[in-house]
Each structure stands twice: as C-alpha cells, then as structure tokens.
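**Q** My questions will all concern the structure given below.
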C-alpha cells in the first residue's frame, strides 16, 4: 500500500506539471489528483522539490526501460544504448514542462543539492549497465559523463529562444559512443551534415 501510494503521488506530479508547470502545481493539487490526503505527501517526500526530482527520475527510468523492452531479445549493446539515449532526448519533446522544471531545480544551488534518491539510483543503474555492456572501462565514471551530455542535450532542445533541433544534438551524442545513425529511433532518415566533430583550421 505504501509503495502504491508513493507511485500514485509521483505519477500525479508528472501529469500536473505537464499541464500547469511546476510553479502552477501545488501539493494540494497533487494530493487531490492522487486521491490521497495531503499529509501523505510530506510523509513520503520532504519537500515539493524532492518530490519533483523523484517523479522525474521515475518517469525517465520507466521510459528508458519501456524503450529497451521494445527491442528484440538479441539486440546488441550499441542498439540498446542508442535506444536509451533516444528515450531520454524524447522526453524533452514529449514532456517539456517536466524536464525544464526538473533541470531548473537541480541546477539552482539555492534550492539544494542534487539528491540520489531511489528513483535516480534505478535510472543510474540502468544506464551504467548499458555502458558496461557497451564496453566502458569504468561504467560509473562514464555514466556521469553520459548524464551530463544528456542534460546538455535536453537543455539545448528546450532553451527558450535559442533551442537547437534534435538531429544535431543526437548526432553529437551518437558520434561520442560510435553509434550508427539508424540505430534507436532516428528523427530523420539521414544524419545531419555535422555528424562529425567541427573542422579546425
């Protein structure tokens, strides 16, 4: 029961922030949507910020897991890593308010430090496993790099007034990991012209 209540709270948070943004969503709104007493929210989560972080990480690891489950059983490590990268970048396009809110909170030092909650550890474990299968010498260290690259990619997709389209962001990430453009879920048939590092003169 406690586990189900926690999941309902996180799901309600994502749904409401998708609709109204973080500032426009109250704990009371979340409790009402989840069908729970407001006091239960503060029992499971110390603050709205930590709830938002946990809810976003849960959305991310569930999305990545679903994307991986859609692959054939014999899919290789490159195909699996490509699908995971596409899944995370796709969240920026499918849930822009949630991803903007999440990044704004974890990048603001006045709201508190980045917390490795259980949902984040689940996501990290999935990505570290994929990187280990891919051949990373140190999957934990490489996960930190991939996480930063994905965050940068999501920011690039969502930056108000200066957003970059998905193909060049995806191309840069795929180049880093030696992934074929047609792996995963390519946003267009061919890679953009700048699928290699910029030319130096």
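The values are calculated or read from the model by the stated rules, or taken from the named source; none is laboratory data. Just so it is clear, the model here is predicted, and its values are computed rather than measured. Please note: Cβ atoms are built from the backbone with ideal geometry, for glycine as well, and neighbour counts cover all protein chains shown.
**Q** Name the residues in the range 9-30 that are buried (at least 22 other Cβ atoms within 10 Å of the Cβ), in a helix (DSSP H, G or I) and free of Cβ contacts under 8 Å to residues at least 24 places away in the same chain, would you?
**A** Once the filter is applied, which keeps residues that are buried (at least 22 other Cβ atoms within 10 Å of the Cβ), in a helix (DSSP H, G or I) and free of Cβ contacts under 8 Å to residues at least 24 places away in the same chain, the range 9-30 yields 12, 16, 30.
**Q** Separate question: So, of the residues in the range 101-114 that are assigned to a helix (DSSP H, G or I) and more than 11 Å from the chain's Cα centre (by Cα), which turns out to be surrounded by the fewest Cβ atoms within 10 Å (Cβ to Cβ)?
**A** Among them, the one singled out is 110.
**Q** Among what's in the range 65-96 and is assigned to a loop (DSSP other than H, G, I, E, B) and in contact with a helix residue (DSSP H, G or I) (Cβ under 9 Å, 6 or more places away or on another chain), pick the residue that is nearest to residue 132 (Cα to Cα).
**A** This residue is 76.
**Q** Looking only at the range 97-110, which residues are in contact (Cβ under 8 Å) with a residue 24 or more places away in the chain and either in contact with a helix residue (DSSP H, G or I) (Cβ under 8 Å, 6 or more places away or on another chain) or closer than 25 Å to residue 176 by Cα (or both)? Even if it seems obvious, please write down each step before you answer.
**A** Taking the range 97-110 and keeping what is in contact (Cβ under 8 Å) with a residue 24 or more places away in the chain, we get 97-106.
Of everything in the range 97-110, those that are in contact (Cβ under 8 Å) with a residue 24 or more places away in the chain and either in contact with a helix residue (DSSP H, G or I) (Cβ under 8 Å, 6 or more places away or on another chain) or closer than 25 Å to residue 176 by Cα (or both) turn out to be 97, 98, 99, 100, 101, 102, 103, 105, 106.
**Q** Next up: Assuming residue 175 fulfils every condition listed in (1) assigned to a helix (DSSP H, G or I); (2) modelled with pLDDT of 95 or more apart from one, which condition is it?
**A** The number of the failed condition is (2).
**Q** While we're on this one: Find all pairs meeting these conditions: Cβ atoms under 7 angstrom apart; at least six residues apart or on different chains; first residue within the range 158-170 and free of Cβ contacts under 8 Å to residues at least 60 places away in the same chain and at negative phi; second residue loosely packed, with under 12 Cβ neighbours inside 10 Å and in a loop (DSSP other than H, G, I, E, B).
**A** Short answer, once both residue conditions are applied: 167/188.
**Q** OK, next. Which condition number does residue 41 fail, the rest of (1) within 28 Å of residue 170 (Cβ to Cβ); (2) modelled with pLDDT under 95; (3) part of a helix (DSSP H, G or I) being met?
**A** (1)
**Q** Tally up the residues in the range 31-45 that are surrounded by 13 or more Cβ atoms within 10 Å (Cβ to Cβ) and within 17 Å of residue 3 (Cβ to Cβ), please.
**A** Residues in the range 31-45 being surrounded by 13 or more Cβ atoms within 10 Å (Cβ to Cβ) and within 17 Å of residue 3 (Cβ to Cβ): 7 in total.
**Q** Any idea which residue in the range 115-154 is surrounded by the most Cβ atoms within 10 Å (Cβ to Cβ), counting only those that are touching a residue at least 12 places away in the same chain (Cβ under 8 Å) and either in contact with a strand residue (DSSP E or B) (Cβ under 7 Å, 6 or more places away or on another chain) or outside any helix (DSSP H, G or I) (or both)?
**A** By that ranking, first place goes to 117.
**Q** Please go through the range 81-99 and give me each residue that is more than 11 Å from the chain's Cα centre (by Cα) and crowded, with 19+ Cβ neighbours inside 10 Å, ordered by number.
**A** Listed by number, the residues that qualify are 81, 82, 83.
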